[in-house]
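Colleague: Before I ask anything, let me first share the structure, which is written out below as structure tokens.
The values are calculated or read from the model by the stated rules, or taken from the named source; none is laboratory data. The structure displayed is predicted, hence computed values, not measured ones. Glycine also receives a Cβ, built like all others from the backbone with ideal geometry; neighbour counts cover every protein chain displayed. These accessible areas exclude ligands, DNA and RNA; they are computed on the full protein's heavy atoms, side chains included. Shrake-Rupley method; radii C 1.70, N 1.55, O 1.52, S 1.80 Å.
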Amino acid sequence: VQLQASGGGLVQPGESLRLSCVASGTFFSISVMGWYRQAPDKQRELVARVTSDGAINSADSVKGRFTISRDNAKDTAVYYCYAQVIKTYMGPEFRYWGSGTQVTVSS
């Protein structure tokens, strides 16, 4: 299973940025898919995730925002997509990570 993240880049205040993550390979289903981010000298933190039945959880710092649209230096980080993958029917879940995409918020 591979996860390909894309859409990162440099954004200016007021601009929007859309991150995408695509899963490929052979598997039965994906139970959860989401994003973590890691800023320099900080621990990786969960940004948002969505379950297979559509439930969404997001960090308070980004709650209510579908794209990063505010001038907030705290949003600058490497964003990693992940997926909880079930490879076979009734099988266990495995977590897979994408390679990360850099998002920089700067004027």
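Colleague: Considering the stretch 1-22 alone, what residues qualify as being β-branched (Val, Ile, Thr) and open to solvent by 40 Å² or more (accessible area, probe 1.4 Å)?
Modeller: Those that are β-branched (Val, Ile, Thr) and open to solvent by 40 Å² or more (accessible area, probe 1.4 Å): Val1, Val22.
Colleague: Oh, and also: Pairs needed: first member in the stretch 1-22, under 12 Å from Asp75 (Cα atoms); second member anywhere, outside any loop (DSSP other than H, G, I, E, B) and open to solvent by 50 Å² or more (accessible area, probe 1.4 Å); C-beta distance under 7 Å; at least 6 residues apart or different chains.
Modeller: That search, which allows pairs on different chains as well, returns Gly8/Gln102.
Colleague: Looking at the stretch 75-94, which of its residues are assigned to a strand (DSSP E or B) and under 13 Å from the mean Cα position of the chain (by Cα)? Talk me through it step by step, then tell me what you get.
Modeller: Taking the stretch 75-94 as the starting set, the residues that turn out to be assigned to a strand (DSSP E or B) are 77-86, 93-94.
Of everything in the stretch 75-94, those that are assigned to a strand (DSSP E or B) and under 13 Å from the mean Cα position of the chain (by Cα) turn out to be Ala77, Val78, Tyr79, Tyr80, Cys81, Tyr82, Ala83, Gln84.
Colleague: Report, by residue number, each residue of the stretch 20-62 that is within 12 Å of the chain's Cα centre (by Cα) and acidic (Asp, Glu).
Modeller: Glu45
Colleague: Name the single residue that is farthest from Tyr96 (Cα to Cα) among those in the stretch 23-50 being of a type in the set (S, T, N, Q) and open to solvent by 30 Å² or more (accessible area, probe 1.4 Å).
Modeller: Gln43
Colleague: With the requirement that a residue be modelled with pLDDT of 90 or more and of a type in the set (A, V, I, L, M), what does the stretch 11-45 give you?
Modeller: Ala39
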